[in-house]
There are 2 protein chains.
Amino acid sequence: MKLLVALLVILALGALVGFGSSVKTRSGTDEQAIRALYARYSVDAEARNLDAIMSYYAPGKTLVAFDAYPPRRYVGVAAYRKSYAGFFVAYPGPLTSKVSDLHVSAAGSFAYAFGVDRWVATAKNGQKQTAVFRFTDVLRKTGGKWLIVHEHLSFPVDPVTGRADFLSKP
Amino acid sequence: MKLLVALLVILALGALVGFGSSVKTRSGTDEQAIRALYARYSVDAEARNLDAIMSYYAPGKTLVAFDAYPPRRYVGVAAYRKSYAGFFVAYPGPLTSKVSDLHVSAAGSFAYAFGVDRWVATAKNGQKQTAVFRFTDVLRKTGGKWLIVHEHLSFPVDPVTGRADFLSKP
């Protein structure tokens, strides 16, 4: 019986130590993986690579996105892809994307991230336009890969004039 | 040795069953608790109960909020409280809050929620104004209580006119 108790204690300690270290390591790796996702996202946006951009979002009807522009929301990655495609048509020239103030937290198969993404896009007439988006993403890990299941993009809006501040300051 | 193997199998099965059912039950309860939070939030908003409203947010400097109105972001619950207080001063009359399209997902001590909140507020001149907010919240469970650690509120904005759609349709 003593042997059994000792064995259970060893098993319990092993589980605790193993769980603790594995969670720490996984969480660190997860945060790095998600930060890498945003680094790649900017590269893919600048390359106007629609397939690469959409690969960061959950497939099918899972994604619900509140875009900075109307409509109120998109359900499913196919609908949201049209929003990106429309943007690339309206702004066919050079584009830069710079993410800053990025916060990432991951726990188990859930994560969230928020920050600011400064886009400088070039309209059809060659004019450069800057838009500083605030973004919030919720991500789920599926088959070892992090995918965005919910996204919220926006600009702050003046309550009196109803006008957006496209260049909001921190 | 056979006894030991049998014991380990029983322990493993027990852990699996126990873990599975406890996660299910906890997750169901968690989702209900978070839905109840939004129901209470609307009641407290209509009662203009600032202390009650702020009790849903994480204390100290944890909260980061992207409000629908400038500035770009608030860090900490004390700063965010000023935003609510300013709103109540600007709209001193009767107020209604109606949350719809509420999605809630909880896993472990982490949850997120998003939806639409339709506010009808009464300005100083007695005029009623409607604002349909899109909201995204990230919540963490601390000491058995769910608290909002990140919030994002917004209206969709017309990219050409720069004007917000305060009454966006689904």
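For the reader, a short list of remarks on this structure follows.
- For B:ALA36, inter-copy separations between label points set 7 Å beyond Cα along the Cβ vector come to 4.2 nm, shortest first.
- Sorted from closest to farthest, the other copies place their B:TYR84 label points 3.7 nm away, with each point set 7 Å from Cα along Cα→Cβ.
- Here is the interface size for A with B: some 3900 Å² of accessible area buried, both sides summed, with a 1.4 Å probe.
- Partner shielding of B:62-69 amounts to 4, given as the average count of beta-carbon atoms from other chains within 10 Å of each residue beta-carbon.
- Nearest beta carbon of chain B to the B-to-A rotation axis, with distance in whole angstrom: B:SER154, 2.
- Distances from B:HIS103 to itself in the other copies, using label points 7 Å out along the Cα-Cβ axis, amount to 2.1 nm in increasing order.
- At q = 0.17, 0.21 Å⁻¹, base-10 log of I(q)/I(0) for the range B:28-86 (Debye sum, equal scatterers on each alpha carbon): -0.62, -0.88
- Average beta-carbon neighbours from other chains, 10 Å sphere, peptide B:96-105: 1
- Listed peptides B:134-147, B:71-84, A:145-158 appear in the order A:145-158, B:134-147, B:71-84 once ranked by packing, highest mean of other Cβ atoms within 10 Å at the front.
- Accessible surface of the range A:114-163 [probe 1.4 Å, protein heavy atoms]: carbon and sulfur percent: 52 percent
- The range B:51-130: C-alpha gyration tensor shape, a/c 1.5 cut-off, then a/b vs b/c: oblate
The values are calculated or read from the model by the stated rules, or taken from the named source; none is laboratory data. The model shown is predicted, which means the values in this text are computed figures rather than measured ones. Positions of Cβ are backbone-derived with ideal geometry, glycine not excepted, and every protein chain shown enters the neighbour counts. All accessible areas refer to the heavy atoms of the entire protein, side chains included, with ligands and DNA or RNA removed. Shrake-Rupley method; radii C 1.70, N 1.55, O 1.52, S 1.80 Å.
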